[in-house]
Amino acid sequence: MLRCHTLPQCRLLAQPGAGMLRRRVAPGGTARWGAAARVSGVEASPARAAVEGGERTSMAERLRLGSLLEDGLSYKESFIVRCYEVGINKTATVETIANLLQEVGCNHAQSVGFSTDGFATTTTMRELGLIWVTNRMHIEIYKYPAWGDVVEIETWCQEDGRIGTRRDWILKDLANGEVIGRATSKWVMMNQNTRRLQRVSDEVRDEVFVHCPKAPRLAFPEENNGSLKKIPIRTDPAEHSRLGLVPRRADLDMNQHVNNVTYIGWVLESIPQDIIDSHELQTITLDYRRECQHDDIVDSLTYIEEGEEKCTNGSAFAAPHPEEQRQFLHCLRFSGNGHEINRGRTVWRKLAR
Amino acid sequence: MAGSLATSAFFPGPGSSPAASARSSKNATGELPENLSVRGIVAKPNPPPAALQVKAHAQALPKVNGTKVNLKTGNPDMEETVPHSAPKTFYNQLPDWSMLLAAITTIFLAAEKQWTLLDWKPKKPDMLVDTFGFGRIIQDGLVFRQNFMIRSYEIGADRTASIETLMNHLQETALNHVRTAGLLGDGFGATPEMSKRNLIWVVSKIHLLVEKYPAWGDMVQVDTWVAAAGKNGMRRDWHVRDYNSGQTILRATSVWVMMHKKTRRLSKMPDEVRAEIGPYFNDRSAITEEQGEKSAKTGDKLDGDATKQFIRKGLTPRWGDLDVNQHVNNVKYIGWILESAPISVLEKHELASMTLDYRKECGRDSVLQSLTTVSGECTSTGTMQHASAIKCDHLLQLESGADIVKAHTEWRPKRSHTAFESASDEIH
């Protein structure tokens, strides 16, 4: 069967000349098995990557379990939820989901030939000392997967204005194809050394966006969706807070900065216990403002956000909260000088206990 | 075959949108039940061969029960929820042919999807079975094997998998072993006889030796098995290898005791539990006696000369650190233990062995402090050649005094890029 040869882990592939086998299963192969192949998600890294990567593709690449879709414009991978990624509700934590989003983003970048040093940069970017930095992250989860569930995540990126790029994700339960979550993120380019933002030059644009859909494709196509909502700053005292949070060694990325997912954990720290016990996180939006390092101390503040009175376009987010929903605004700031690190919004739905 | 799948699927009456029915039958813990998988699709091709059965249904032993194949933990109770999801449209509107056609297509696609999943399981080499990490029992039921791909967020600042990642894998395989063997009661790891008596396993000691740290994208293979530990305890061992090269990554052994869930008091092993798990005992040891002796025990005093103490206070559990019982997960302690290890040790050395003694558990409101006593060369001057072996004693305790974990670690100078690491760097 054709599919046998797509086994990335097959020992055959570790031998020289195995590249030949894989190339045979390129677009034509995946097209034939269409839905089935996509579901199994077990194709080897696509032939394109093999060709671009030159003769010696890395072990990591060959074992990559996800794959680019036929048109090469998006990437799909499946993950099983492990027991230690499950939290107090017996379902995956939002940090686990965020980690998986990051993982599939990295794997996508790698499969189209971007660097594997964790920064997903193109050759030109590296020459100019440029890296991508997250600006905003917005995650909506409709149904949390449990231990042993398999989540299929599709991701793609595209241009976003002149200085930015966005990456979108759709999460599905592999067993039935149901959409269990969506996410989007905005990125800007920054000079690694000066830490200043930089416009995406045409050179870089060509390198990066050749792999992205030309027609806009949005995980959140609906108007006035939550991912676009501004997050205001609050000056009144916070209803809830947790002060003196400290980064752990495991929170630091290769650059010795606190990684994006840790901020999510900190935001949740100041949510009151009764909400944690009775609700589950439906939406989280985070605006990243400043970076944080190992020796910093952080305060997490939570403000209740009331529903708005006006309805715009009848969007659910603008209407007053339904009974089962709670909404909060958040601020993470340095304990010392009070400067803002992140700003956030969370929406919680009542658990059907 | 597919045709008969589609038609036969009509009669058990699956809802045309499993999602809708699923949402309405969320169970008490907020976890949606198994009816989200393609439940009710009568997917019964050739029964999968013995080696693969363990994947098909988690709860009961190997029999695929003929009608349902779930990717998740099976739960016999779910049979009863089937009638709740009244079939939505095509049943009641059979004369509407377009609806019927749409329904047939949906069912067919779903069945094909499910059947495909079944289909590739039996034929493919073992590795594919573990693609999604279910693992399987090997060696006549005495060893459980599971593979893991190292994910990007599991690596540390030095681009290799952190010790916490490796220990997380050990924990996952332990649970999957119990589950696959059909011994999963309620609550993680407890067998049915234990759950009846409100008993749970509690880890008392872990000893591990790391030979090599895997990098992002590596595939590791974990073997695990159990044995008796004295009269009332259980020993669980692991042997982790690099999947491709077969080289050993890590060996570990652990001792578990039984505790009553409510009283938190240790308990003897009831005969019924011994009968459940006894058949799985395997005398093999991951760590031989000589290897074990080489790394000191936690009680031993460090060499008198040049010891330094370091402390890190104010450590608090976050929501993500807690398990379903709102206790701190065992593996999190390791991160805290290493918090007080000086940077000079961590930068130039890698953990070669670790022995952990778990004394007391802690929960959400605990505030802890981590103490490390270091002996051996750990100055930051000089180049890597001057780094030598280091030994440390660690103590993690509540700021109010009680000991949570005692540990002993031994470190060796970090190796320069092995051939393996440079292979994964090639893509740059």
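The values are calculated or read from the model by the stated rules, or taken from the named source; none is laboratory data. Worth saying up front: this structure is predicted, and the values here are computed from it rather than measured. Virtual Cβ from ideal backbone geometry, glycine too; neighbours counted across all protein chains shown. Ligands, DNA and RNA are stripped out before the accessible areas are found, and what is left, the full protein with its side chains, is counted by its heavy atoms. Shrake-Rupley method; radii C 1.70, N 1.55, O 1.52, S 1.80 Å.
Numbers below:
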{"item": "Shape call, region A:218-293: gyration tensor on alpha carbons, a/c limit 1.5", "result": "oblate"}
{"item": "Which listed pairs, of B:Lys391/B:Lys414; A:Lys143/B:Lys262; A:Lys76/A:Lys214; B:Lys261/B:Lys313, have C-alpha distances above 24 Å, in listed order", "result": "A:Lys143/B:Lys262; B:Lys261/B:Lys313"}
{"item": "Area accessible to solvent at A:Cys157, 1.4 Å probe radius, in Å²", "result": "10"}
{"item": "A:Ile163-B:Gln139 pseudo-label distance in nm [points 7 Å out on the Cα-to-Cβ vector]", "result": "5.9"}
{"item": "Distant-in-sequence amide H partners of A:Arg136 (H built 1.01 Å from N, under 5 Å)", "result": "A:Lys186, A:Tyr288"}
